Each structure stands twice: as C-alpha cells, then as structure tokens.
Amino acid sequence: MKKIPLKTASRIYKIGGGTGLAAAFTGVIFDEISKQMEILIWAGIVIMIASVIFACIFLRCPRCGSTLFRNWGGYCQHCGEELDR
Ligand SMILES: [Zn+2]
C-alpha cells in the first residue's frame, strides 16, 4: 500500500474531521433546517466518517508502522519516535 507522509495524512484528518464536526454542529444549533442545509450536514458527516476511516488506514508511525489514530502527541505511543506533523 502506498504511504502518505504523516504531515499530509494528519492534515487531511484534521480538515475532514473539522468539516464534519462543523456540519454536525450546524445541525444541532439551528432549529429549522432547509433541505439544502440537510444535504450539507449529511455530506459533512460522511466526510467526517471518511476521514476517520482514512486516519485508521494512513495515520501511521513512520518508524514502527503502528496506528496513530487518536494520538495527538508529538511522539509515537508504541516506539517513542518523534512525530513530525
Ligand atoms: Zn512508532
């Protein structure tokens, strides 16, 4: 499988997750939602789910290859490698 640089992968994950969260949040705040807005919200949720799946697959430590999903620190929790992101 092709590897994606950690920086790129984590950026995509953050943007995708942020977009999804913003869309879901919009759905919570507004009482009256138009059809177009509903579609946007669902699109955001789909983007968020896709970015989580993406993170599970591509967000990996460059040294030991273990998943960095849910790791927001500067070091790999498995091998201690410093993460450049
Ligand atoms: Zn590691």
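The values are calculated or read from the model by the stated rules, or taken from the named source; none is laboratory data. Small disclaimer: the values here were computed from a predicted structure and weren't measured. Reconstructed Cβ throughout: ideal geometry from the backbone, glycine too, with neighbour counts over all protein chains shown.
Look through Ala43, Ala9 and report the one residue that is modelled with pLDDT of 90 or more, within 15 Å of the ligand (Cβ to nearest atom) and part of a helix (DSSP H, G or I).
Ala9
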Count of residues meeting criterion [loosely packed, with under 13 Cβ neighbours inside 10 Å and under 27 Å from Gly27 (Cβ atoms)] in the range 58-85: 2
Before we move on, is Asp31 in a loop (DSSP other than H, G, I, E, B), among the acidic types (Asp, Glu) and within 16 Å of the ligand (Cβ to nearest atom)? no
Residues within the range 57-70 that are touching a residue at least 12 places away in the same chain (Cβ under 8 Å) and in a loop (DSSP other than H, G, I, E, B), tallied: 8
Could you grab the pairs with beta carbons closer than 7 Å, sequence gap of 6+ or different chains, first residue in the range 21-38 and over 15 Å from Ile49 (Cα atoms), second one of a type outside the set (Ser, Thr, Tyr) and not in a loop (DSSP other than H, G, I, E, B)? Thr26/Ile41; Gly27/Ile41; Ile33/Gly27
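Results for (1) within 15 Å of the ligand (Cβ to nearest atom); (2) at pLDDT below 95; (3) not in a helix (DSSP H, G or I), shown as yes or no for each residue.
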residue	(1), (2), (3)
Lys2	no, yes, yes
Ala22	no, yes, no
Gly73	yes, yes, yes
Asp84	yes, yes, yes
Only residues that are touching a residue at least 12 places away in the same chain (Cβ under 8 Å) and among the aliphatic types (A, V, I, L, M): list them for the range 47-56, please. Ile47, Met48, Ile49, Ala50, Val52, Ala55
Name every residue in the range 71-85 that is within 15 Å of Tyr13 (Cβ to Cβ) and free of Cβ contacts under 8 Å to residues at least 60 places away in the same chain, in order of residue number. Asn71, Trp72, Gly73
